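Okay, structure first, notes after.
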Amino acid sequence: MSEPFVPELPNHLLHRTIGEAVAEAILPPFEVLRDPACGGDQRIPLFSFHEKSRKTEYCNVDLLVLSPDGIRVIVEIEEANVTPIQVCGKFFASALSRCFIHERRKNTRIGMSGSVLFIQVLDTSRLNREKTSKVQQWCNIERSIQDVIPIKGSRVDHYRLVHGDTRDFAPGQAERKELIGCIEAFLADS
């Protein structure tokens, strides 16, 4: 049987850096699924209902951490469009989703666990760090989202927004430690 076709993607350095960091740090019984931009080899679709169809597919995320009882962590990485509408839209589409279904899992429904952490990683490489108000805007978005969760019917009840560029998330760097520490602490508390 031949390997599945994975299309050639543009260079997503931050995606790959985050994907490798999480995959290296998270150990069994947890499993990390990564999309191709993050170094994986499959799309990661989330669905609004138990049925796998175009009607019920709400989004594709960059990374999932699965536990034996379901989806525990969702990670979404934005390298280009870091506007409030994009940031909030990605969060909301994931929060409204109910499960992951994929042919690699024999189309078995993998639901959200009792408590789910959603992390957004926003790229700062295109910002003039001395002049931008984006970082403060993102802090405001993080607080606003934390104030409204959990959304009725959603199991996404924890939210973090982190930012930086590939250098900031390199091994040993503070942002990488913060990201991995956040995931590890959440998984340990459950």
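The values are calculated or read from the model by the stated rules, or taken from the named source; none is laboratory data. The shown structure was predicted, so the numbers you read here are calculated from the model rather than taken from an experiment. Backbone-built Cβ (ideal geometry, glycine too); neighbour counts: all protein chains shown. The accessibility values were calculated without ligands, DNA or RNA, using every heavy atom of the protein model including side chains. Shrake-Rupley method; radii C 1.70, N 1.55, O 1.52, S 1.80 Å.
Probe radius 1.4 Å, ligands and nucleic acids left out: which of His15, His163 has the largest accessible area, and how do the rest follow?
The most accessible residue leads, giving His163, His15.
On C-alpha positions alone, give me the angle between the axis of helix 84-96 and the longest principal axis of the chain, in degrees, nearest 10.
With rounding to tens, the tilt is 30 degrees.
As I understand it, the value is the acute angle between the Cα axis of helix 134-148 and the longest principal axis of the Cα atoms of the chain; what does it come to in degrees, rounded to 10?
50
Leaving out ligands and nucleic acids, note down the accessible area per residue over segment 88-130 with a 1.4 angstrom probe, in whole Å².
Normalised by residue count, the accessible surface of segment 88-130 is 47 Å².
Normalised by the empirical 2.2 N^0.38 Å for globular proteins, what value does the Cα Rg of segment 102-190 take?
Numbers: Rg = 15.9 Å, N = 89, 2.2 N^0.38 = 12.1 Å.
For segment 102-190, the normalised Cα radius of gyration comes out at 1.31.
Sequence neighbours fewer than 8 away in the same chain don't count; with that in mind, list the aspartates and glutamates whose C-alpha is under 14 Å from Lys52.
Lys52 reaches Glu103.
With the cut-off at 1.5 for a/c, could you classify segment 69-141 from its C-alpha gyration tensor as rounded, prolate or oblate?
prolate
Report, ordered by chain and residue number, the aspartates and glutamates lying within cross-link reach of Lys131, taken as a straight Cα distance under 18 Å and ignoring same-chain residues fewer than 8 apart.
Asp123, Asp165
Quick one: ranking Arg72, Arg54, Arg143 by accessible area, 1.4 Å probe, largest first, what do you get?
These residues rank, largest area first, as Arg54, Arg143, Arg72.
If you count the DSSP beta bridges with both ends in the chain, what percent of them are antiparallel, to the nearest 5?
Of the beta bridges lying entirely in the chain, close to 50 percent run antiparallel.
Taking every pair of alpha-carbon atoms in the chain, what share in percent sits in each 5 Å bin, from 0 to the bin with the longest distance?
1, 8, 16, 21, 22, 17, 9, 4, 1, 0, 0
When the helices in the chain are scored as -39500 (n - 2.57) per DSSP H run of 4 or longer and the sum is shared across all residues, what 222 nm value do you end up with, to the nearest 500 deg cm²/dmol?
Computed ellipticity for the chain at 222 nm equals -9500 deg cm²/dmol.
Could you order the peptides 118-131, 144-157, 35-48 from most to least packed, using the average number of other C-beta atoms within 10 Å per residue?
On the way: 118-131: 16.6, 144-157: 13.7, 35-48: 19.1.
In decreasing order of mean packing, 118-131, 144-157, 35-48 become 35-48, 118-131, 144-157.
To the nearest 20 debye, what is the magnitude of the charge dipole of the chain about its Cα centre, counting +1 on the Cβ of each Lys and Arg and -1 on the Cβ of each Asp and Glu?
Roughly 540 debye for the chain.
How large are Rg and Dmax for segment 121-169 when calculated on the C-alpha trace, in angstrom?
Taking only Cα atoms of segment 121-169, I get Rg and Dmax of 13.2, 41 Å.
Which percent of the accessible heavy-atom area of segment 32-162 goes to carbon and sulfur, probe 1.4 angstrom?
Ligands and nucleic acids excluded, carbon and sulfur give 50 percent.
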